[in-house]
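The values are calculated or read from the model by the stated rules, or taken from the named source; none is laboratory data. Bear in mind the structure is a predicted one, so any value in this text is a computation, not a measurement. Virtual Cβ from ideal backbone geometry, glycine too; neighbours counted across all protein chains shown.
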Amino acid sequence: MKALWLAFLLLFGSQAFGGCLTRGTGDMGIVIERATGSLKILDTSAHQALVRVKGLGDLSHASAVYSRDERYAYIFGRDGGLTKVDILCGKVVKRIVQGGNSIGGAISQDGSLIAVSNYEPGGVKVFSSDDLSLVADIPATRTEKGKGSKTVGLVDAPGQKFVFSLYDTGEIWILEMKDPAHPKLTRFTGVGRLPYDGLVTPDGRIYIAGLFGEDGLAMLDLWHPEKGVKRILDHYGKGEQKLPVYKMPHLEGWAIAGNRAFFPAVGHHEVLVMDMDSWKESGRIQVHGQPVFVMARPDGRQLWVNFAFPDNDTVQVIDSESLKIIKTLKTGKGTLHMEFTPRGEEVWISVRDRNEIQIYDTETQTLKGRIEAERPSGIFFTDRAHKIGL
């Protein structure tokens, strides 16, 4: 009995007495429970959920970023909510509703600013990461109907910058926040029809926007923005696609291994391979269904792929060198998101319809454990705090 009580104290620390955990945060994370407006705080070493945090609003398309000390998670809800959560105390520090419909956000290079992209009323708002007070309100270009364009694909970039796309007006903007009182905007227009999402490469140099209204991708070199936006992969996208697209892929789920990028082919049962020196397609990998996330293990040796409905019960593992599928896993309906532990020995997978997270050994692709979660979706580990674009 004494040993059990000691183990309890070591795991939960002072939280057992209504306080906060006194421990490091490097092996912690969260999983979004989308149907209940809640999240669970995770311990990746112990394979346990520590506490549930409620009252986060509409999390049907939620994402998260972390403070640079990894203590605070900032949750972006679909209802325009921005919530600061203390993962050591297991509680909401502050919650605001900053818009009518938002689609994600980012944290600045120095960790002092949180930017949120909005569908409604459009534009981007920037807040203090300390108290969520408004720092800047950046309205978007107005459409013919007089409304601000939806903003999407918001990422952080070096130089205290944020980069995002304007869905309705076909633009990419760079927002520099070195002087928060005087935001500096650089606008690129005519980049393509309906950019629906964006990503930045892990080194923070290249921003790429997917185009829903036509084939191709829009690419901007942030080292040389004076060169303007370049079109790449004109055959890629929704424009000429004849197959039904059940779910648009997430561009932030692209994988980069060595000098190659791996990404989902919209509407096709393929993973495309692109040479990042030439920015041209160099191959295709036939897979189980329409890919949503194509994610590289941290060492780049494997790619893990999940799929859109009706094939969202499967995950496939690809060897990044041979481009061969080495494992097909039947994880269960509603397999939505994957997250690697920082050094890649495990991958945690949310399976919505089984109300669980599944934990796999990436070397053997075998199941190591399960954690109960209520309709789980996004999984976000604290090592994201130190990565560009996440």
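Residue 67 satisfies every condition listed in (1) of a type in the set (Ser, Thr, Tyr); (2) closer than 26 Å to residue 361 by Cα; (3) crowded, with 17+ Cβ neighbours inside 10 Å except (2).
Out of all the residues in segment 182-236, which are of a type in the set (Ser, Thr, Tyr), under 19 Å from residue 280 (Cα atoms) and part of a strand (DSSP E or B)?
Applying the first criterion (of a type in the set (Ser, Thr, Tyr)) to segment 182-236 yields 186, 189, 196, 201, 207, 236.
Filter again for under 19 Å from residue 280 (Cα atoms), leaving 201, 207, 236.
Selection gives 207, 236.
Taking into account only those residues within segment 194-227 that are under 19 Å from the mean Cα position of the chain (by Cα) and acidic (Asp, Glu), which is farthest from residue 149 (Cα to Cα)? Among them, the one singled out is 203.
Please state which one of 99, 55 is surrounded by 21 or more Cβ atoms within 10 Å (Cβ to Cβ) and more than 14 Å from the chain's Cα centre (by Cα).
Numbers: 55 fails: surrounded by 21 or more Cβ atoms within 10 Å (Cβ to Cβ).
Just one listed residue meets the conditions, 99.
What number of residues within segment 275-293 are in a strand (DSSP E or B) and within 19 Å of residue 219 (Cα to Cα)? Of the residues in that region, 4 qualify.
Give me the strands (runs of 3 or more DSSP E) completely within segment 332-390, filtered to those with at least 3 residues that are more than 18 Å from the chain's Cα centre (by Cα) and farther than 30 Å from residue 174 by Cα, ordered by residue number.
By residue number, 356-361, 366-372.
Quick check, is residue 309 surrounded by fewer than 19 Cβ atoms within 10 Å (Cβ to Cβ), out of contact with any Ser or Thr (no Cβ under 7 Å at 6 or more places or on another chain), touching a residue at least 24 places away in the same chain (Cβ under 8 Å) and among the hydrophobic types (A, V, I, L, M, F, W, C)? It is true that residue 309 is surrounded by fewer than 19 Cβ atoms within 10 Å (Cβ to Cβ), out of contact with any Ser or Thr (no Cβ under 7 Å at 6 or more places or on another chain), touching a residue at least 24 places away in the same chain (Cβ under 8 Å) and among the hydrophobic types (A, V, I, L, M, F, W, C).
Of the residues 379, 349, which single one is of a type in the set (Val, Ile, Thr), buried (at least 17 other Cβ atoms within 10 Å of the Cβ), touching an Asp or Glu at 6+ places or on another chain (Cβ under 9 Å) and over 30 Å from residue 113 (Cβ atoms)? First the steps, then the outcome.
On the way: 379 fails: over 30 Å from residue 113 (Cβ atoms).
Being of a type in the set (Val, Ile, Thr), buried (at least 17 other Cβ atoms within 10 Å of the Cβ), touching an Asp or Glu at 6+ places or on another chain (Cβ under 9 Å) and over 30 Å from residue 113 (Cβ atoms) holds for just one of 379, 349, which is 349.
Taking into account only those residues within segment 120-172 that are in contact (Cβ under 8 Å) with a residue 40 or more places away in the chain, of a type in the set (Gly, Ala, Ser) and assigned to a strand (DSSP E or B), which is surrounded by the most Cβ atoms within 10 Å (Cβ to Cβ)? Of everything passing the filter in segment 120-172, 165 is surrounded by the most Cβ atoms within 10 Å (Cβ to Cβ). Could you check segment 28-81 and list, in sequence order, the residues that are polar (S, T, N, Q) and either part of a strand (DSSP E or B) or at positive phi (or both)? Answer for segment 28-81, where residues must be polar (S, T, N, Q) and either part of a strand (DSSP E or B) or at positive phi (or both): 38, 48, 63. Among the residues of segment 320-346, those identified as surrounded by 16 or more Cβ atoms within 10 Å (Cβ to Cβ), polar (S, T, N, Q) and under 17 Å from residue 307 (Cα atoms) are 331, 335. Here residue 62 passes the criteria (1) surrounded by fewer than 22 Cβ atoms within 10 Å (Cβ to Cβ); (2) modelled with pLDDT under 95 except the one numbered (1).
Among the residues in segment 306-314, are any more than 14 Å from residue 363 (Cβ to Cβ), touching a His at 6+ places or on another chain (Cβ under 9 Å) and in a loop (DSSP other than H, G, I, E, B)? Give the derivation first.
From segment 306-314, those more than 14 Å from residue 363 (Cβ to Cβ) are 306-314; that's our starting set.
Restricting the remaining residues to those that are touching a His at 6+ places or on another chain (Cβ under 9 Å) gives 306-307, 311, 314.
Filter again for in a loop (DSSP other than H, G, I, E, B), leaving 311.
Yes: one or more hits.
Taking first residues from segment 213-228 that are more than 29 Å from residue 267 (Cβ to Cβ) and partners that are at pLDDT 95 or above and of a type in the set (Lys, Arg), the Cβ contacts under 6 Å between residues at least 6 apart in sequence or on separate chains come to 222/205; 223/205. Checked against the criterion of being surrounded by 15 or more Cβ atoms within 10 Å (Cβ to Cβ), at pLDDT below 85 and of a type outside the set (Val, Ile, Thr), segment 220-233 contains not a single residue that satisfies it. Checked against the criteria, residue 289 does not count as within 15 Å of residue 378 (Cα to Cα) and touching an Asp or Glu at 6+ places or on another chain (Cβ under 6 Å). Restricting attention to segment 351-376, which residues are without any contact (Cβ under 8 Å) to a residue 24 or more places away in the chain, of a type outside the set (A, V, I, L, M), touching a strand residue (DSSP E or B) at 6+ places or on another chain (Cβ under 7 Å) and within 21 Å of residue 302 (Cα to Cα)? Across segment 351-376, the qualifying residues are 361, 366.
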